[in-house]
1. Using only the alpha-carbon atoms, what does the range 20-102 span along each of its principal axes? Please give whole angstrom values in decreasing order.
2. Cut-off is 10 Å between beta-carbons; in what order do S46, S70 appear when sorted fewest neighbours first?
3. Determine the relative contact order of the range 19-130: mean sequence separation of Cα pairs under 8 Å and six or more apart, normalised by residue count, in whole percent.
4. For K124, go through the lysines and keep the ones whose alpha-carbon is under 17 Å away, minus same-chain ones fewer than eight residues off.
Amino acid sequence: MTTNTSTTTPSTTTPPTPGDGKAGPWAALLVASLFEMGYALSVNGSEGFTNLLWSAVAIVFFLFTLFFLSVALKQIDVGIGYAVWAGLGAVGAAVLGPVFFDETLTLVKGFWLAVIIGGVVWLKLADSPKLGVSSAAA
């Protein structure tokens, strides 16, 4: 009678880390954009970094936005990632500026903010594997 004495070695692959999938880098980019909004608003509130509390908040937001942006750019092309980050940050700051400060949001500003949001959506779609396959075949 023959017995199988072969042994299997444990796998040496590393477990997946957060951000390995397609959603992880985009989630990090969204978080970076939220911190960018907070950074822009807090810089405005710092009054040229003369208000200590707003200045400290701005520095914290700045560090977090850079951290999450760097995490996202590990897997997202820098041109697309930066455009999305800056676009969402700008739109968020423009929309929230009137909420926190004495700023206005006119219909014309709202239209151009919608154009920016549309551009961000199209950039995300351009990063889609389905779109990349169909455009590569063309």
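1. Each principal axis gives a Cα extent; for the range 20-102 these are 40, 22, 17 Å.
2. Numbers: S46 18, S70 12.
Final ranking by Cβ density, sparse to dense: S70, S46.
3. Values: 115 pairs, mean separation 32.7, N = 112.
With pairs under 8 Å counted, the relative contact order is 29 percent.
4. Leaving aside lysines fewer than 8 places away in the same chain, those within reach of K124 are K22, K74.
Every number here is computed from the coordinates shown, using simple stated rules; none is lab data. Note that the coordinates shown come from a computational prediction; the quantities given were computed from them, not determined experimentally. Cβ: placed from backbone, ideal geometry, glycine included. Neighbour counts: every protein chain shown.
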